[in-house]
1. Going through 89, 134, 116, 129 one at a time, which residue ends up being within 18 Å of residue 29 (Cα to Cα), out of contact with any strand residue (DSSP E or B) (no Cβ under 7 Å at 6 or more places or on another chain) and not β-branched (Val, Ile, Thr)?
2. Pairs, please: C-beta under 7 Å, at least 6 apart or cross-chain, first residue at pLDDT 95 or above and in the range 116-140, second part of a strand (DSSP E or B) and open to solvent by 70 Å² or more (accessible area, probe 1.4 Å)?
3. Run down 51, 32, 106 and say which single residue is away from the ligand (no atom under 16 Å from the Cβ) and surrounded by 15 or more Cβ atoms within 10 Å (Cβ to Cβ).
4. Has the range 90-108 got at least one residue that is β-branched (Val, Ile, Thr) and closer than 19 Å to residue 5 by Cβ?
5. Which residue pairs have Cβ atoms closer than 6 Å, lie 6 or more positions apart in sequence or on different chains, and pair a first residue in the range 15-30 that is at positive phi with a second residue that is of a type in the set (A, V, I, L, M, F, W, C)?
6. Taking the condition without any contact (Cβ under 8 Å) to a residue 12 or more places away in the chain and open to solvent by less than 50 Å² (accessible area, probe 1.4 Å), does residue 64 pass?
7. I'd like the full set of residues that are more than 10 Å from the ligand (Cβ to nearest atom) and exposed (fewer than 12 other Cβ atoms within 10 Å of the Cβ), limited to the range 39-48.
8. Select from the range 8-29 the residues that are surrounded by fewer than 21 Cβ atoms within 10 Å (Cβ to Cβ) and assigned to a strand (DSSP E or B) and write down the one among them that is nearest to the ligand (Cβ to nearest atom).
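The values are calculated or read from the model by the stated rules, or taken from the named source; none is laboratory data. What you see is a predicted model, and the numbers here were worked out from it, not measured in a lab. Methodologically, a virtual Cβ is constructed for each residue, glycine included, from the backbone with ideal geometry; neighbour enumeration extends over all protein chains shown. Protein only, heavy atoms only, side chains kept; ligands, DNA and RNA dropped before computing areas. Shrake-Rupley method; radii C 1.70, N 1.55, O 1.52, S 1.80 Å.
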Amino acid sequence: MTDDELVNEAMLARKMAYVPYSHHAVGAALLTKSGKVYRGCNIENAAFTPTNCAERTAVFKAVSEGEKDFEAIAIVGGPVNSEKLHICPPCGVCRQVLREFTNPKTFRVILGATDPAETKKMVLEDVLPYSFGPENMDFV
Ligand code: THU
């Protein structure tokens with residue numbers, strides 16, 4: 001699966017976003033090391049706080065199906081009912097959720113843009129440096 005194909009999967013995921021409050025539709029596509037893709041969209045709530053981001057939807061779908069080895073995630077976001085995309089970096093909570101299951105030095109984050117030439121690529125550590133993860137709990 002190429003990065004462009006993974007961004008395309010995120011675009012398909014974005015079509016399912018439930019965003020009656022922000023109107024900001026986000027899609028994520030999480031690639032496992034075995035080559036499977038889990039799609040996620042943001043799912044909002046009238047009480048606001050229970051809203052789930054696209055990235056976490058994808059992670060929770062995968063983990064609940066027994067997948068915990070991840071290679072990369074593609075994320076796209078922009079106004080609902082529009083093809084226009086804004087660069088959509090993962091929020092702090094989603095960064096921490098991704099951190100739980102990945103090596104931040106190697107797990108890749110791909111931020112899709114309307115113009116594919118403006119796609120941004122990084123590893124999780126770039127957006128979550130000096131992070132807290134499971135190995136910091138090994139005193140338990
Ligand atoms: N959102 C995501 O789905 N992912 C992010 O990383 C940033 C924010 C969603 C949450 C909410 O539904 C909307 O975008 C506006 O914050």
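1. Numbers: 89 fails: out of contact with any strand residue (DSSP E or B) (no Cβ under 7 Å at 6 or more places or on another chain); 134 fails: within 18 Å of residue 29 (Cα to Cα); 129 fails: within 18 Å of residue 29 (Cα to Cα).
Criteria check complete, one pass: 116.
2. 121/108; 123/108
3. Working: 51 fails: away from the ligand (no atom under 16 Å from the Cβ); 106 fails: surrounded by 15 or more Cβ atoms within 10 Å (Cβ to Cβ).
Only one candidate passes the filter, namely 32.
4. Kept after step one, since they are β-branched (Val, Ile, Thr), are these residues of the range 90-108: 93, 97, 102, 106.
Adding the requirement that they be closer than 19 Å to residue 5 by Cβ leaves none.
No, the conditions are met nowhere in the range 90-108.
5. The qualifying pairs are 23/80.
6. Numbers: without any contact (Cβ under 8 Å) to a residue 12 or more places away in the chain: yes; open to solvent by less than 50 Å² (accessible area, probe 1.4 Å): no.
Against the criterion (without any contact (Cβ under 8 Å) to a residue 12 or more places away in the chain and open to solvent by less than 50 Å² (accessible area, probe 1.4 Å)), residue 64 does not qualify.
7. The initial filter retains those residues of the range 39-48 that are more than 10 Å from the ligand (Cβ to nearest atom), namely 39, 46-47.
Across the range 39-48, the qualifying residues are 46, 47.
8. Here is the first cut: in the range 8-29, the ones surrounded by fewer than 21 Cβ atoms within 10 Å (Cβ to Cβ) are 8, 11-12, 15-16, 18-24.
So of that shortlist, the ones also assigned to a strand (DSSP E or B) come out as 18, 24.
On the way: 18: 8, 24: 4 Å.
My answer is 24.
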